[in-house]
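A.B. asks: One structure is given below, represented as structure tokens, and several questions about it will come after.
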């Protein structure tokens with residue numbers, strides 16, 4: 001009996017490693033185009049507003065997948081959702097590889113969003129399910145870190161390859177397709193962590209949270225909303241800001257700056273792990289407020305150094321709020337409802353991610369990217385401040 005348990009533990013551990021790798025690679029694919037948008041603009045004659053819209057349709061794919069498929073893994077199993085997620089990521093990579101115009105970019109971004117939507121909540125729930133019961137909190141933290149690290153590595157990888165090697169808008173997607181192959185194999189051979197008891201039945205999920213989780217969910221999601229809005233602002237503003245305002249056209253530097261935000265978020269997942277979620281949420285909101293102020297000042301003063309400082313501070317604040325929010329929600333949610341609740345959680349987060357992207361693009365058409373970025377910095381800073389105040393007043 002002990003030998004059987006040991007084999008199961010080994011299979012779960014291997015499945016955890018494989019699922020983490022697949023999660024990382026799929027999230028890398030979602031942000032690969034970030035430093036390439038100026039090249040797409042020159043190659044296909046796209047306006048800044050059109051590039052912004054192309055970027056934003058990713059969120060439509062994410063939210064659509066979360067609403068339609070997010071709760072499905074609770075019924076038909078995690079693998080049956082993750083495998084299509086890897087396939088969609090690979091198809092998206094091929095679409096970008098052979099992109100010949102604006103239509104290809106739209107299709108590639110939507111497919112990328114669908115893959116991320118399938119993976120974001122399901123992979124998080126999978127890692128928690130595969131971990132022993134006494135390590136599920138740590139698994140949730142690892143899932144958050146893998147998510148953010150993958151999002152950060154995408155621009156870094158694309159920026160370096162585009163700047164220093166040939167075929168700047170093609171080579172990176174060949175690399176992406178290759179690293180997706182072991183991700184597919186890892187999920188294919190992964191042990192299914194939940195018992196499959198129902199047939200597949202597609203329906204649009206309502207953003208409902210069980211009553212016993214609702215209070216925790218609301219307290220957690222407000223600072224997460226502010227954190228993801230900051231990520232949306234940063235990824236929307238930084239490529240155009242660096243090119244048009246600072247006159248910096250180095251794709252590797254752009255990738256590094258975007259990476260610094262997500263890397264700070266990934267590292268932030270490892271800090272204050274023994275502190276209560278409520279304290280970490282409150283602290284995260286306050287740090288996020290400070291970081292966004294720095295980002296606003298950098299836009300006002302046209303300072304690359306201050307922008308980098310703001311990126312790192314904001315990344316840490318986003319990490320605290322994201323990790324503590326997700327962990328507190330997972331801790332209150334039963335295993336059978338975890339996929340549904342985390343889907344609602346991430347749906348709200350990705351709505352927050354898309355609002356600054358579209359808003360900055362529209363406002364920049366009349367005011368320029370610098371003013372648009374400053375306006376949204378102020379708005380997001382106010383949301384972070386409100387989140388801090390609400391958490392402090394509910395300390396009990």
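A.B. asks: Would you please name the residue that is surrounded by the fewest Cβ atoms within 10 Å (Cβ to Cβ), looking only at residues in region 210-225 that are farther than 14 Å from residue 327 by Cα and touching a residue at least 12 places away in the same chain (Cβ under 8 Å)?
C.D. replies: The selected residue is 212.
A.B. asks: Quick one: would you say residue 342 is at negative phi, surrounded by fewer than 17 Cβ atoms within 10 Å (Cβ to Cβ) and out of contact with any strand residue (DSSP E or B) (no Cβ under 7 Å at 6 or more places or on another chain)?
C.D. replies: no
A.B. asks: Here's another thing I want to ask about it. Among the residues that make up region 92-104, is at least one of them surrounded by 18 or more Cβ atoms within 10 Å (Cβ to Cβ), free of Cβ contacts under 8 Å to residues at least 60 places away in the same chain and out of contact with any strand residue (DSSP E or B) (no Cβ under 8 Å at 6 or more places or on another chain)?
C.D. replies: yes
A.B. asks: Being in a loop (DSSP other than H, G, I, E, B) and in contact with a helix residue (DSSP H, G or I) (Cβ under 9 Å, 6 or more places away or on another chain) is the filter here, so list the residues in region 266-302 that pass it.
C.D. replies: 269, 270, 271, 272, 273, 275, 276, 302, listed by residue number.
A.B. asks: Going by what's in this entry, would residue 236 be described as in contact with a helix residue (DSSP H, G or I) (Cβ under 7 Å, 6 or more places away or on another chain), at pLDDT 80 or above, part of a helix (DSSP H, G or I) and surrounded by 12 or more Cβ atoms within 10 Å (Cβ to Cβ)?
C.D. replies: no
A.B. asks: Right, something else. Hey, any hits in region 22-31 for a residue that's within 16 Å of the chain's Cα centre (by Cα), assigned to a helix (DSSP H, G or I), within 30 Å of residue 359 (Cβ to Cβ) and free of Cβ contacts under 8 Å to residues at least 60 places away in the same chain?
C.D. replies: no
A.B. asks: In the set 77, 29, 61, 85, which member is surrounded by 20 or more Cβ atoms within 10 Å (Cβ to Cβ) and on the phi > 0 side of the Ramachandran plot?
C.D. replies: 77
A.B. asks: I need a count of the residues in region 292-324 that are over 17 Å from residue 262 (Cβ atoms) and either surrounded by 18 or more Cβ atoms within 10 Å (Cβ to Cβ) or in contact (Cβ under 8 Å) with a residue 12 or more places away in the chain (or both).
C.D. replies: Number satisfying all stated conditions: 10.
A.B. asks: Sort through 190, 256, 230 and tell me the only one that's surrounded by 15 or more Cβ atoms within 10 Å (Cβ to Cβ), in contact with a helix residue (DSSP H, G or I) (Cβ under 7 Å, 6 or more places away or on another chain), outside any helix (DSSP H, G or I) and at pLDDT 75 or above.
C.D. replies: Only one candidate qualifies: 190.
A.B. asks: Working only within region 40-53, note down all residues that are in a helix (DSSP H, G or I) and in contact (Cβ under 8 Å) with a residue 12 or more places away in the chain.
C.D. replies: 40, 43, 44, 48, 49, 50, 51, 52, 53
A.B. asks: Of the residues 360, 375, 371, 379, which is in a helix (DSSP H, G or I) and either at pLDDT below 85 or crowded, with 20+ Cβ neighbours inside 10 Å (or both)?
C.D. replies: Exactly one residue qualifies, and that residue is 360.
A.B. asks: Could you pull out every one of the helices (runs of 4 or more DSSP H) wholly within region 54-169 that has 3 or more residues that are within 20 Å of the chain's Cα centre (by Cα)?
C.D. replies: 79-97, 102-130, 136-164
A.B. asks: Another question, then. List, please: which pairs have Cβ atoms under 8 Å, are six or more places apart or on different chains, and start with a residue in region 269-282 that is loosely packed, with under 14 Cβ neighbours inside 10 Å and end with one that is assigned to a loop (DSSP other than H, G, I, E, B) and at pLDDT 80 or above?
C.D. replies: none
The values are calculated or read from the model by the stated rules, or taken from the named source; none is laboratory data. Worth saying up front: this structure is predicted, and the values here are computed from it rather than measured. So basically every Cβ, Gly included, is an ideal-geometry build from the backbone, and we count neighbours across all protein chains shown.
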